[in-house]
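The values are calculated or read from the model by the stated rules, or taken from the named source; none is laboratory data. The structure displayed is predicted, hence computed values, not measured ones. Glycine gets a Cβ as well: all are built from the backbone with ideal geometry, and neighbour counts include every protein chain shown. The area values use the complete protein model at the heavy-atom level, side chains included, leaving out ligands, DNA and RNA. Shrake-Rupley method; radii C 1.70, N 1.55, O 1.52, S 1.80 Å.
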There are 2 protein chains.
Amino acid sequence: MVVELDFAKAVDGLLPAIVQDATDGDVLMLAYINQESWQKTLETGKAHYWSRSRNKLWLKGESSGHVQMVQEIFVDCDSDTVVFKVEQLGGAACHKGYKSCFFRRVNGKNLEVMGEPVFDPAKIYG
Amino acid sequence: MVVELDFAKAVDGLLPAIVQDATDGDVLMLAYINQESWQKTLETGKAHYWSRSRNKLWLKGESSGHVQMVQEIFVDCDSDTVVFKVEQLGGAACHKGYKSCFFRRVNGKNLEVMGEPVFDPAKIYG
């Protein structure tokens, strides 16, 4: 038995998981979970998602080593969205090498890149 | 012209917007935007969403007065998710009266309510 989420609500059985840095509160990324990845996350303490592009269970960091250690989980009022507060190993959640996937800020009609990459994606993903 | 998001990526034309307290970084809620709500948000500086339950454009706070004044907007690496950093008027984003919709924390097999409601929903929504 695990805490029940309302997976039936999502047409595709996937619910959004907001991933937040447990230390400074930065929003790192958004990913999707199904029942299997939800259970795996609760069992292992490592964030598991459902990869929509690869259509398979995804242990975040399985190729890069940048696993997310889940410190706390919050569930919203409708039980259809969660927040994972994590320790991000490797210091970056984004596959482009930035700490957060949200590294671009709206500035008028443009997007402004904030900060610098933590790692070089070409070196990590080959 | 506004910053372009990849609305074509979502089957239903809706992209998730993570709403974060601009002051303390708390994640307040997650809602969905379509092109119209995105443009309205950029034009007015007030968070607009697409209400999936009512199937209409939704100015957050239109009935409660608890409008979200958008301070900053971040766009993710895939241009299919945004973060709105907001000043939440009325101090609470959740229709249940809590500051954040994520007021329940996973504690083993249970959900533990964190904190107290800021307002009484019965008084606000009648």
Within straight-line cross-link reach of B:LYS9, aspartates and glutamates at Cα separation under 18 Å, skipping those fewer than 8 residues along the same chain: A:ASP12, B:GLU36, B:ASP76, B:ASP78, B:ASP80
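What is the ratio of the Cα radius of gyration of segment B:1-73 to 2.2 N^0.38 Å, where N is its residue count, to two decimals?
On the way: Rg = 12.0 Å, N = 73, 2.2 N^0.38 = 11.2 Å.
Output field value: 1.07.
Which whole number in µm²/s is D for chain B by Stokes-Einstein, with the Kirkwood Rh taken over Cα pairs at 10 °C and 1.306 mPa s?
Details: Rh = 15.3 Å.
Taking Rh from Cα pairs, D becomes 104 µm²/s.
What do you get when you divide the Cα radius of gyration of segment B:67-112 by 2.2 N^0.38 Å, with N the number of residues? Write down the numbers at each step before the final one.
Values: Rg = 14.2 Å, N = 46, 2.2 N^0.38 = 9.4 Å.
Rounded to two decimals, the normalised Rg is 1.51.
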at B:LYS109 the sorted inter-copy label distances (label 7 Å from Cα on Cβ side), in nanometres, are 5.9
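Given +1 on the Cβ of Lys and Arg, -1 on the Cβ of Asp and Glu, and no further charges, what dipole in debye does the protein assembly as shown carry about its Cα centre, rounded to the nearest 20? Present the calculation step by step, with values, prior to reporting the outcome.
On the way: 28 positive and 34 negative charges, 73 e Å.
Using only the charged Cβ atoms, the result is roughly 360 debye.
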Residue of A with Cβ nearest the axis relating A to B, plus distance in whole Å? A:GLY25, 2
Counting only C-alpha contacts under 8 Å and six or more residues apart, can you give the relative contact order of chain A as a whole percent? 22
Give the Debye-formula value of log10 I(q)/I(0) at each listed q (0.25 Å⁻¹), with one equal scatterer per alpha carbon of segment B:37-103, two decimals each. -1.25
Inter-centroid distance (Cα atoms) of segment B:53-126 relative to segment A:13-42, Å: 18
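Would you mind working out the magnitude of the charge dipole of segment A:1-50 relative to its Cα centre, with +1 at each Lys and Arg C-beta and -1 at each Asp and Glu C-beta, to the nearest 20 Debye?
Details: 3 positive and 8 negative charges, 27 e Å.
The calculated dipole for segment A:1-50 is roughly 140 debye.
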Provide an ascending nm list, one decimal, of label-point separations from B:ASP80 to the equivalent residue in each further copy; define each label point as 7 Å from Cα along Cα→Cβ. 1.9
Going by a 1.4 Å probe on protein heavy atoms, which residues of segment A:10-30 end up with at least 20 Å² less accessible surface in the whole assembly than in their chain alone? A:PRO16, A:ILE18, A:GLN20, A:VAL27, A:LEU30
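Treating only the Cβ atoms of Lys and Arg (+1) and Asp and Glu (-1) as charged, compute the dipole magnitude of segment B:26-112 about its Cα centre; round to the nearest 20 debye. Don't jump to the answer; show the numbers that get you there.
Details: 12 positive and 10 negative charges, 108 e Å.
The calculated dipole for segment B:26-112 is roughly 520 debye.
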Cα long-axis angle, helix B:35-44 against chain B (0 to 90 degrees, to the nearest 10): 80
Estimated Rh, the protein assembly as shown: Kirkwood, alpha-carbon pairs, angstrom: 18.6
Residue by residue through segment B:90-102, the couplings from Karplus 6.51 cos²θ - 1.76 cosθ + 1.60 with θ = phi - 60°, in Hz, x for Gly and Pro, are x, x, 9, 9, 8, 5, 8, x, 7, 4, 10, 5, 8
Other chains' Cβ within 10 Å of A:95-104 residues: what's the mean? 4
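Restricting to DSSP H runs of at least four residues, report the calculated mean residue ellipticity at 222 nm for chain A, -39500 (n - 2.57) per run over all residues, nearest 500 deg cm²/dmol. Display every interim value, and only then the final one.
Details: 2 runs with 15 residues, N = 126.
It lands at -3000 deg cm²/dmol.
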Which distances, shortest first and in nm, link B:ASP120 to the matching position in the other copies, using label points set 7 Å out along Cα to C-beta? 6.3
Among A:MET114, A:GLY90, B:ILE18, whose Cα lies farthest out toward the positive end of the dipole of the protein assembly as shown, if unit charges sit on the beta carbon of Lys, Arg (+1) and Asp, Glu (-1)? B:ILE18
